[in-house]
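What follows is one structure encoded as structure tokens, with my remarks underneath.
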Amino acid sequence: MTTSGRLSGKEVALHNSRDSCWIIVHGHVYDVTEFLDDHPGGSRIILKYAGKDATQEYDPIHPPDAITTNLPKEKHLGPVDPETVEKVEVKITDQEKERQLRVAARPSLDEILNLHDFEAIARLVMAEKAWAYYSSAADDEITNRENHFAYHRIWFRPRILRNVAKVDWSTTILGNPSSMPVYITATALGKLGHPEGELNLTRAAAKHGVIQMIPTLASCSFDEIVDAAQPGQVQFLQLYVNNDRNITKRIVQHAEQRGIKGLFITVDAPQLGRREKDMRMKFEADDPSEVSKSGSEGVDRSQGAARAISSFIDPSLEWADISWFKAITKMPLILKGVQTWEDALMAYDAGLAGIVLSNHGGRQLDFARSGIEILVEVVSKLGEKRGVKFPNEKFQLFVDGGVRRATDVLKAVALGATAVGIGRPFLYAFSAYGQEGVEKGLQILHGEFEMNLRLLGAPTIKDVVPEMVDASNVSSHASNVPGDKLYENNYVGMESVRLRGAKL
């Protein structure tokens with residue numbers, strides 16, 4: 001101990017092995033020795049910082065309160081004297097220097113005309129690991145592309161000679177006002193793209209009157225995100241159900257106490273899909289000497305960031321659990337990840353508030369159908385089986401995946417969706433330009449809504465009806481559709497395995 005009552009960095013540095021592993025996070029020391037083998041990302045990453053300050057590595061992939069919440073109190077060893085801490089040398093590689101030059105050479109926001117542009121810039125300025133995590137999808141990434149291309153199989157039937165001098169694209173989502181039929185859907189690890197992480201989304205959403213869905217696996221803590229909201233700002237929570245239901249209950253009830261207006265329970269992730277772009281990032285570094293010294297055969301690095309942060313998800317979640325959720329909260333319950341009309345019907349019969357027709361952004365089961373295709377099926381079958389018409393205030397349908405234009409949203413609305421979730425484009429926007437990028441993206445969507453409502457002959461969102469679209473070809477997967485050059489130019493195919501150091 002130092003005279004200030006703080007631990008000395010020299011003392012912490014002695015605990016740098018698998019047998020005794022202390023780390024420093026945000027100026028406090030933690031004994032993580034017994035936690036090494038339980039860490040979702042493996043012991044390697046912790047041992048790399050054994051006896052040192054791990055804050056820099058910790059921040060992008062953990063909420064600030066993750067370590068204090070998950071580690072027993074007796075393992076919280078107290079504050080450290082910052083003057084005595086061994087500084088972890090941060091080496092700026094040539095690759096990073098080149099990236100920083102590209103950041104400095106970004107075009108101004110005035111030159112960004114659509115959501116595709118953000119992706120093009122983000123691809124150039126993001127760190128490679130972050131780009132791999134955000135852009136990756138399951139297996140051959142067929143579903144990832146299909147999510148977008150499915151909208152190309154739906155065509156408009158615009159009406160003419162209607163008074164569209166004034167158009168209004170505002171709506172309500174689960175009874176809450178929204179400036180457009182769009183919400184910012186949950187996406188994990190915001191700090192991989194920007195130091196402010198999900199707070200970029202919170203602040204931009206407030207300014208533009210849209211709803212943010214807070215992810216379970218945010219880089220910022222839940223309370224940090226809620227605290228950043230403006231008075232009256234509406235937020236939803238996306239929930240991965242924990243193996244420990246007491247933890248889930250605590251999260252849900254805390255969210256309700258903080259004023260969250262909807263609980264979106266993810267139901268399409270009993271196991272995380274193989275996202276090979278993300279997984280490639282694990283091939284680069286050798287195990288640190290501490291792992292070798294321990295006699296271990298090494299850490300399995302083949303699963304990528306997605307697996308590293310998601311090992312707690314309960315694969316036993318089932319329909320019978322819906323009654324338990326109803327017993328612990330009065331928030332509207334929505335199932336996120338419904339992919340068939342049969343499950344949509346079960347959700348309707350279970351008295352849920354709605355469903356999200358989604359395949360997890362193409363990141364789970366490859367060759368799962370797009371949300372927009374499932375929407376057509378669900379509206380038809382629930383109408384046939386239960387006489388339900390959509391949009392429906394009591395049972396709302398949402399869609400996410402592949403949306404890049406207001407025209408995509410309007411197609412979904414015409415077919416019965418209440419609103420559409422947009423995820424990756426906003427990640428790319430703040431990765432490239434911070435909060436201002438997200439605001440620009442929302443401004444672009446507002447402009448597109450105004451123009452397209454006029455061209456459709458629809459003064460309001462309620463005037464966007466099924467007769468305005470032709471979706472007869474939506475389920476024809478083998479049909480020819482027009483190419484989308486902007487989207488295709490941004491898509492980066494998956495690399496095959498390479499020889500180390502070889503230039504091929």
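The values are calculated or read from the model by the stated rules, or taken from the named source; none is laboratory data. Quantities reported herein were computed from a predicted structural model and do not represent experimental measurements. All Cβ positions, even for glycine, are placed from backbone atoms using ideal geometry, and neighbour counts span all protein chains on display.
If you go through segment 459-468 one residue at a time, do you hit one that is basic (Lys, Arg), without any contact (Cβ under 8 Å) to a residue 60 or more places away in the chain and closer than 28 Å to LYS166 by Cα? Yes: one or more hits. If the condition is being under 17 Å from the mean Cα position of the chain (by Cα), small (Gly, Ala, Ser) and modelled with pLDDT under 95, then segment 251-307 contributes ALA269, GLY273, GLY304, ALA305, ALA306. All conditions but one from (1) more than 26 Å from TYR491 (Cα to Cα); (2) crowded, with 22+ Cβ neighbours inside 10 Å apply to ARG159; the one that does not is (2). Taking segment 370-417 as the search range and keeping residues that are out of contact with any helix residue (DSSP H, G or I) (no Cβ under 7 Å at 6 or more places or on another chain) and surrounded by fewer than 18 Cβ atoms within 10 Å (Cβ to Cβ), which one is farthest from TRP155 (Cα to Cα)? The extreme case among them is LYS394. For segment 107-127, filtered to residues that are over 18 Å from ASN489 (Cα atoms) and in contact (Cβ under 8 Å) with a residue 12 or more places away in the chain, the residue that is surrounded by the most Cβ atoms within 10 Å (Cβ to Cβ) is LEU109. For segment 337-373, a tally of residues being part of a loop (DSSP other than H, G, I, E, B) and on the phi > 0 side of the Ramachandran plot returns 5. Look at (1) outside the structural domain of TYR433 (by TED's automatic domain parsing); (2) assigned to a loop (DSSP other than H, G, I, E, B) and you find that ASP140 fails only one, number (1). Being more than 18 Å from HIS194 (Cα to Cα) and either β-branched (Val, Ile, Thr) or at pLDDT below 90 (or both), is that true of even one residue in segment 121-137? No, because not a single residue in segment 121-137 is more than 18 Å from HIS194 (Cα to Cα) and either β-branched (Val, Ile, Thr) or at pLDDT below 90 (or both). Within segment 341-348, none of the residues are buried (at least 24 other Cβ atoms within 10 Å of the Cβ), touching a residue at least 40 places away in the same chain (Cβ under 8 Å) and hydroxyl-bearing (Ser, Thr, Tyr). Here ALA478 fulfils each of the conditions (1) out of contact with any Phe, Trp or Tyr (no Cβ under 7 Å at 6 or more places or on another chain); (2) buried (at least 23 other Cβ atoms within 10 Å of the Cβ); (3) in a loop (DSSP other than H, G, I, E, B); (4) hydrophobic (A, V, I, L, M, F, W, C) apart from (2). Scanning segment 204-225 for residues that are over 12 Å from the mean Cα position of the chain (by Cα) and buried (at least 22 other Cβ atoms within 10 Å of the Cβ) yields a total of 6.
Does at least one position in segment 439-461 carry a residue that is in the same structural domain as TYR348 (by TED's automatic domain parsing), within 21 Å of ALA353 (Cβ to Cβ), out of contact with any helix residue (DSSP H, G or I) (no Cβ under 9 Å at 6 or more places or on another chain) and surrounded by fewer than 18 Cβ atoms within 10 Å (Cβ to Cβ)? Within segment 439-461 (the criterion being in the same structural domain as TYR348 (by TED's automatic domain parsing), within 21 Å of ALA353 (Cβ to Cβ), out of contact with any helix residue (DSSP H, G or I) (no Cβ under 9 Å at 6 or more places or on another chain) and surrounded by fewer than 18 Cβ atoms within 10 Å (Cβ to Cβ)), the answer is no, since none of the residues qualifies.
Pick out the one residue from TYR133, TYR151 that is in contact (Cβ under 8 Å) with a residue 60 or more places away in the chain, assigned to a helix (DSSP H, G or I), under 20 Å from GLY416 (Cβ atoms) and out of contact with any Ser or Thr (no Cβ under 6 Å at 6 or more places or on another chain).
Details: TYR133 fails: under 20 Å from GLY416 (Cβ atoms).
Only one candidate passes the filter, namely TYR151.
Going through segment 53-82 one residue at a time, which ones are modelled with pLDDT of 85 or more, surrounded by 16 or more Cβ atoms within 10 Å (Cβ to Cβ) and assigned to a loop (DSSP other than H, G, I, E, B)? Residue satisfying the conditions is ASP81 alone.
Pick from segment 318-336 the residues that are touching a Ser or Thr at 6+ places or on another chain (Cβ under 9 Å) and either assigned to a loop (DSSP other than H, G, I, E, B) or of a type in the set (A, V, I, L, M) (or both): which of them is nearest to LEU217 (Cα to Cα)? My answer is LEU335.
Filtering segment 374-391 to residues that are within 26 Å of HIS148 (Cβ to Cβ) and either among the basic types (Lys, Arg) or not in a helix (DSSP H, G or I) (or both) leaves LYS381, PHE390, PRO391. Across segment 83-99, what is the number of residues that are surrounded by 12 or more Cβ atoms within 10 Å (Cβ to Cβ) and either in contact with a strand residue (DSSP E or B) (Cβ under 7 Å, 6 or more places away or on another chain) or free of Cβ contacts under 8 Å to residues at least 60 places away in the same chain (or both)? Qualifying residue count, segment 83-99: 4.
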